[in-house]
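The values are calculated or read from the model by the stated rules, or taken from the named source; none is laboratory data. Predicted, not measured: the structure shown is a model, and the values here were computed from it. For neighbour counting, all protein chains shown are included, and Cβ atoms are generated from backbone atoms with ideal geometry for every residue, glycine included.
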Amino acid sequence: MTIVAAFKMLVPTALKQPVRNYIDARALRQQAALPFDRTNLQPVSRVDLAAIMSDATIGAVFAEDNARIARAYGKGEIFGGVNPGDRRALYHLIAHFQPKRVLEIGTHVGASTIYIASALLRFADGGQLTTADIADVNGPNGAWKSLGMPAAPARFIADLGLEAVTTFVTRPAAEMLRASGRYDLIFLDGDHSTLAVYREISAALRILNPDGLIVLHDFYPGGKPLTPDGGAIKGPSLAAERINSETKDLVFVPLGMLPWQTKGGGNATSLALVTQQG
């Protein structure tokens, strides 16, 4: 038995997260400062989240697509997957900015994948989504199987007619973000540790096209829960704090409260945008 396996078995769950947080914080302190080139980021002045989320035209098309997706994929929450309210927010972002090339880091069960691809098909003529995960999400050992889902993400993508705009890749995030391709929007929803997010944002900036955007998931400002009964993943917000201590040029914009429900009966979302001053 490895030391890690023994640790998981012997240490109570309540103590594991503080230990992980300590290890994560220590690793970030040891990380040398990385470059954060804002050249190709969308300026924060061009991002009107209230208008984007309340856009009636997008809302009407979303209602059609959402009904179709619900029949094939279901409409409820899936453990570890992006919740339905956040899926709708991602749809609105894609529909508004109409990126031609989108990269998603962290496919899992494909909940966000389906909505990003649907919005691309509807609003970004010729748009393409590449969704990458360290695991083979469509294989027999994918999360879909252990969660009791009837099919793998690729099957739902095919059933919904989204194959032409969606490419699945099994590859670590670090490798994917070093690839030669360039993207208009990058959705980071893989490893949420502080060090990983810090490194991924730096790498993502290098492969952005002009006026591009980075979208973060599980971003809890100040590392605090968004709902009274909820938890908080601290990695993304702590990474943002470290980045802002090194450069004031990047602006992290939490989406905050949405016009529809997300999870826990509330309207708060942990989605956030990475933009630039100006």
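How many residues does region 106-137 contain that are surrounded by fewer than 24 Cβ atoms within 10 Å (Cβ to Cβ) and touching a Ser or Thr at 6+ places or on another chain (Cβ under 6 Å)?
2
Just the residues that are under 15 Å from the mean Cα position of the chain (by Cα) and in a strand (DSSP E or B), please, taken from region 159-209.
Correct list: 183, 184, 185, 186, 187, 188.
Six or more apart or on different chains, Cβ under 7 Å: which pairs go from a residue in region 31-55 that's surrounded by fewer than 14 Cβ atoms within 10 Å (Cβ to Cβ) to one that's small (Gly, Ala, Ser) and assigned to a loop (DSSP other than H, G, I, E, B)? Could you list them?
Sorted first by the residue in region 31-55, then by its partner, the pairs are 43/278; 45/278.
Only one residue in 272, 179, 164 is crowded, with 16+ Cβ neighbours inside 10 Å and either at pLDDT 95 or above or under 25 Å from residue 98 (Cβ atoms) (or both), so which one is that? Spell out the reasoning first.
Working: 179 fails: crowded, with 16+ Cβ neighbours inside 10 Å; 164 fails: crowded, with 16+ Cβ neighbours inside 10 Å.
Testing whether each residue is crowded, with 16+ Cβ neighbours inside 10 Å and either at pLDDT 95 or above or under 25 Å from residue 98 (Cβ atoms) (or both) leaves just 272.
Which numbered condition trips up residue 213, out of (1) farther than 24 Å from residue 21 by Cβ; (2) more than 13 Å from the chain's Cα centre (by Cα); (3) touching a residue at least 40 places away in the same chain (Cβ under 8 Å)?
Looking at each condition in turn, residue 213 falls short on (2).
Test residue 23 against the stated conditions and say whether it is of a type outside the set (D, E, K, R), at pLDDT below 95 and under 24 Å from the mean Cα position of the chain (by Cα). Steps first, please.
On the way: of a type outside the set (D, E, K, R): yes; at pLDDT below 95: yes; under 24 Å from the mean Cα position of the chain (by Cα): yes.
Yes: the conditions hold for residue 23.
Go through region 63-87 and give me each residue that's without any contact (Cβ under 8 Å) to a residue 24 or more places away in the chain and acidic (Asp, Glu).
Hit for region 63-87 is 64, nothing else.
Give 259, 236 a once-over and let me know the one that is loosely packed, with under 14 Cβ neighbours inside 10 Å and at pLDDT 95 or above. Don't jump to the end; show me each part of the working.
On the way: 236 fails: loosely packed, with under 14 Cβ neighbours inside 10 Å.
Being loosely packed, with under 14 Cβ neighbours inside 10 Å and at pLDDT 95 or above holds for just one of 259, 236, which is 259.
Cβ-Cβ distance below 9 Å, separation of 6 or more or different chains: which pairs start in region 180-202 with a residue that is touching a residue at least 40 places away in the same chain (Cβ under 8 Å) and closer than 12 Å to residue 233 by Cβ and end on one that is assigned to a loop (DSSP other than H, G, I, E, B) and among the charged types (D, E, K, R)?
189/218; 192/218; 192/234; 194/234; 197/191
Out of all the residues in region 88-105, which are surrounded by fewer than 23 Cβ atoms within 10 Å (Cβ to Cβ) and free of Cβ contacts under 8 Å to residues at least 40 places away in the same chain?
98
Got a number for residues in region 102-119 being under 17 Å from residue 142 (Cα atoms) and assigned to a helix (DSSP H, G or I)?
Total satisfying the criteria: 4.
(1) of a type in the set (A, V, I, L, M, F, W, C); (2) under 30 Å from residue 249 (Cα atoms); (3) surrounded by fewer than 23 Cβ atoms within 10 Å (Cβ to Cβ): which one isn't true of residue 186, the others all being true?
(3)
Residues in region 84-100: is at least one of a type outside the set (Phe, Trp, Tyr), touching a strand residue (DSSP E or B) at 6+ places or on another chain (Cβ under 6 Å) and under 20 Å from residue 212 (Cα atoms)? Quick ask: steps written out before the conclusion?
Of the residues in region 84-100, the ones of a type outside the set (Phe, Trp, Tyr) are 84-90, 92-96, 98-100.
Those still in the list that are touching a strand residue (DSSP E or B) at 6+ places or on another chain (Cβ under 6 Å) too: 99-100.
Checking the rest, the ones that are also under 20 Å from residue 212 (Cα atoms) come to 99-100.
Yes: one or more hits.
Report yes if residue 227 is at pLDDT below 95, surrounded by fewer than 16 Cβ atoms within 10 Å (Cβ to Cβ), in contact with a Phe, Trp or Tyr (Cβ under 8 Å, 6 or more places away or on another chain) and over 18 Å from residue 24 (Cα atoms), otherwise no.
On the way: at pLDDT below 95: yes; surrounded by fewer than 16 Cβ atoms within 10 Å (Cβ to Cβ): yes; in contact with a Phe, Trp or Tyr (Cβ under 8 Å, 6 or more places away or on another chain): no; over 18 Å from residue 24 (Cα atoms): yes.
The answer is no for residue 227.
Considering every residue within region 225-233, establish whether at least one is within 20 Å of residue 48 (Cα to Cα) and either of a type in the set (D, E, K, R) or without any contact (Cβ under 8 Å) to a residue 60 or more places away in the chain (or both). Outline the logic, then answer.
Of the residues in region 225-233, the ones within 20 Å of residue 48 (Cα to Cα) are none.
Within region 225-233, none of the residues are within 20 Å of residue 48 (Cα to Cα) and either of a type in the set (D, E, K, R) or without any contact (Cβ under 8 Å) to a residue 60 or more places away in the chain (or both).
So residue 63 ticks every box in (1) buried (at least 24 other Cβ atoms within 10 Å of the Cβ); (2) part of a helix (DSSP H, G or I) but one. Which box is left unticked?
If we test residue 63 against (1) buried (at least 24 other Cβ atoms within 10 Å of the Cβ); (2) part of a helix (DSSP H, G or I), just (1) comes out false.
If a residue must be of a type in the set (Val, Ile, Thr), under 15 Å from the mean Cα position of the chain (by Cα) and in a loop (DSSP other than H, G, I, E, B), how many such residues does region 218-261 contain? Before the answer, list the steps.
Looking only at region 218-261, we keep the residues that are of a type in the set (Val, Ile, Thr), and these are 227, 233, 243, 247, 251, 253.
Next, from what is left, pick out any that are under 15 Å from the mean Cα position of the chain (by Cα): 233, 253.
Subset that is in a loop (DSSP other than H, G, I, E, B): 233.
Selection size over region 218-261: 1.
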